[in-house]
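Have a look at the structure below before the remarks.
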Amino acid sequence: RNKAKNIQLLCARLLNEYDGEVPASREGLVTLPGVGRKTANVVLSVAFDIPAMAVDTHVERVSKRLGLCRWKDSVLEVEETIMKKTPIERWSRAHHQIIFFGRYHCKAQNPGCGSCPLLDDCREGQKRLKKGLVKI
Ligand code: SF4
């Protein structure tokens, strides 16, 4: 219900304030109902081909497990750190790669550490290995 309401409000705002065009800037996008920084980054990257790094639950979890970011980092800090550590021309692709890796392999529950090509370099994987939680 909330999403439907936001979509209606968003369409009205696009027509009334943006001449029916989706704005191609983060500042413009986040003024739209239901659009936060993550969604704005996805739209910038996918629809406008503007480099951006959208951090969702998968990107945050995988980045922290791998030790790319600190456990205590906020979503914004994760975004900034990944952008610093990844060449700009790879941001959009890396975003999708990390999401799919997190969704299907490095899952929140029961990550596939035993068959993970990143196990040797992964902080969380090594911790699980020492605890005997990883079957290889
Ligand atoms: S070793 Fe485990 S925790 Fe680390 S990235 Fe692979 S699946 Fe995720």
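Brief remarks on what is shown
- Peptides 29-42, 56-69, 3-16 ranked from most to least packed give 56-69, 29-42, 3-16, packing being the mean of other C-beta atoms within 10 angstrom over each peptide's residues.
- Probe 1.4 Å, accessible area per residue of region 2-136, Å²: 64
- Of the residues Val43, Asn2, Leu133, the one whose Cα sits farthest toward the positive end of the charge dipole of the chain, with +1 on the Cβ of Lys and Arg and -1 on the Cβ of Asp and Glu, is Leu133.
- For region 8-114, a simple Cβ point-charge model (Lys and Arg +1, Asp and Glu -1, everything else neutral) yields a dipole of about 700 debye relative to the Cα centre.
- Accessible surface of the chain, 1.4 Å probe, proportion on carbon and sulfur as whole %: 54
The values are calculated or read from the model by the stated rules, or taken from the named source; none is laboratory data. Note that the coordinates shown come from a computational prediction; the quantities given were computed from them, not determined experimentally. No Cβ is skipped: glycine too gets one built from the backbone with ideal geometry, and neighbour counts run over all protein chains shown. These area figures cover heavy atoms from the full protein model, side chains too; ligands, DNA and RNA do not enter into them. Shrake-Rupley method; radii C 1.70, N 1.55, O 1.52, S 1.80 Å.
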